[in-house]
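Presented below is the structure to which this report refers.
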Amino acid sequence: MSDYRINFGSVIGPSDTNKIYDILSILSEDDELIITMDGTDVHQSDEITKILEMNGFDVSQKGGHDDNKYHLIARRR
């Protein structure tokens, strides 16, 4: 099992979604992907969640209380 991490800045654009597609192709069933963004940018997480779900991943969310970060945690179904 491996953990993969992606950190996004304040604006999530096409190059960021391309990063997601690139990493999805190498994730196995036992791997976990953690995507981190600023807590103030949580409204941008819907598009990322849709991409992950459409590609066979279960997604859970976790808000960081100490560091104002928002995390999407994805694992293959």
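A few points about this structure:
- Selection count, region 37-66, where residues are within 22 Å of ARG77 (Cβ to Cβ) and not in a helix (DSSP H, G or I): 8
- Restricting ASP16, ASP58, ASP41 to those that are over 12 Å from the mean Cα position of the chain (by Cα) and not basic (Lys, Arg) reduces the list to ASP41.
Here is a yes/no grid of residues against (1) in contact with a helix residue (DSSP H, G or I) (Cβ under 9 Å, 6 or more places away or on another chain); (2) surrounded by 13 or more Cβ atoms within 10 Å (Cβ to Cβ):
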site: VAL11; (1), (2): yes, no
site: THR40; (1), (2): no, no
site: GLU53; (1), (2): no, yes
site: LYS62; (1), (2): no, no
site: TYR70; (1), (2): yes, yes
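Throughout, read-outs are computed from the coordinates displayed, never taken from laboratory work. Since the structure is predicted, the reported quantities are computational estimates derived from the model, not experimental observations. In this analysis, Cβ positions are derived from the backbone assuming ideal geometry, glycine residues included, and neighbour counts consider all displayed protein chains.
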